[in-house]
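See below for the structure under consideration.
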Amino acid sequence: MTLAVCPGSFDPITLGHLDVVRRATLLFDEVVVGVARNASKSALLDVDSRVALARAACADLPSVRVVEVPGLLVDLCRELGAVAVVKGLRGGADYDAEQPMALMNRHLSGVESVFLTADPRYAHIASSMVKDVARHGGQVDDLVPPGVADAVRRALGVVPTGAQPGSPATPLPGGVTPPGPADHPNQGAS
């Protein structure tokens, strides 16, 4: 049985991420979505929320499971017996960023990286752009799996259309309540 890890910060998970995961299931018997903490990024959603959202998004994929990456990706790959790391590429800049990481992962553990070219329908979607559009009140529901846009808006303190300010947050799948603006270090009172 072949197992691959599809890692990322998934802050938030997008339809582009989900497409890569679905396509990876055609290549490997099992795909583990590894939700990582990226020290070089300030996450909007905490890791528990990101894991819950990814699990909900992948719930219809029986050969996919979602775990938190507790440290180095290569350590998780060794622990799981992964034969590959799967990453999606939207364009040349993604390759330029991913290639050194792929070489380091192979150097550290022997695990190979498999790059899947983004489906053109999703090549314009990036988590950072989803957050930016949502931050300014733009529509992002068609860029992310169900429930993700609401979690992003709540974390940003953006009131969805028809909602009342101060209304309680709806729990994410698994009972996790997403952070509100006061819970995020870069949000809150002006």
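Within segment 69-84, the set of residues being touching a strand residue (DSSP E or B) at 6+ places or on another chain (Cβ under 8 Å) and surrounded by 16 or more Cβ atoms within 10 Å (Cβ to Cβ) comprises 69, 73, 76, 77, 80, 82, 83, 84. Pairing each residue of segment 4-24 that is of a type in the set (Gly, Ala, Ser) with any residue that is buried (at least 22 other Cβ atoms within 10 Å of the Cβ) and part of a helix (DSSP H, G or I), provided the two are 6+ apart or on different chains, yields C-beta distances under 8 Å for 4/24; 8/17; 9/50; 9/127. Considering each residue of segment 88-103 in turn, at least one proves to be touching a residue at least 12 places away in the same chain (Cβ under 8 Å) and more than 28 Å from residue 142 (Cα to Cα). The residue of segment 1-41 that is most open to solvent (accessible area, probe 1.4 Å), among those that are over 14 Å from residue 56 (Cα atoms), of a type in the set (S, T, N, Q) and under 14 Å from the mean Cα position of the chain (by Cα), is 38.
The set of residues in segment 106-117 that are within 20 Å of the chain's Cα centre (by Cα) and either acidic (Asp, Glu) or open to solvent by 70 Å² or more (accessible area, probe 1.4 Å) (or both) contains only 117.
Being among the aliphatic types (A, V, I, L, M) and surrounded by 14 or more Cβ atoms within 10 Å (Cβ to Cβ) is a property that residue 103 lacks.
The values are calculated or read from the model by the stated rules, or taken from the named source; none is laboratory data. Quick caveat: nothing in here was measured; it's all calculated off a predicted structure. Cβ coordinates were reconstructed from backbone atoms using ideal geometry, including for glycine residues, and neighbour counts include every protein chain displayed. Heads up: the accessible areas ignore ligands, DNA and RNA and are worked out on the full protein's heavy atoms, side chains in. Shrake-Rupley method; radii C 1.70, N 1.55, O 1.52, S 1.80 Å.
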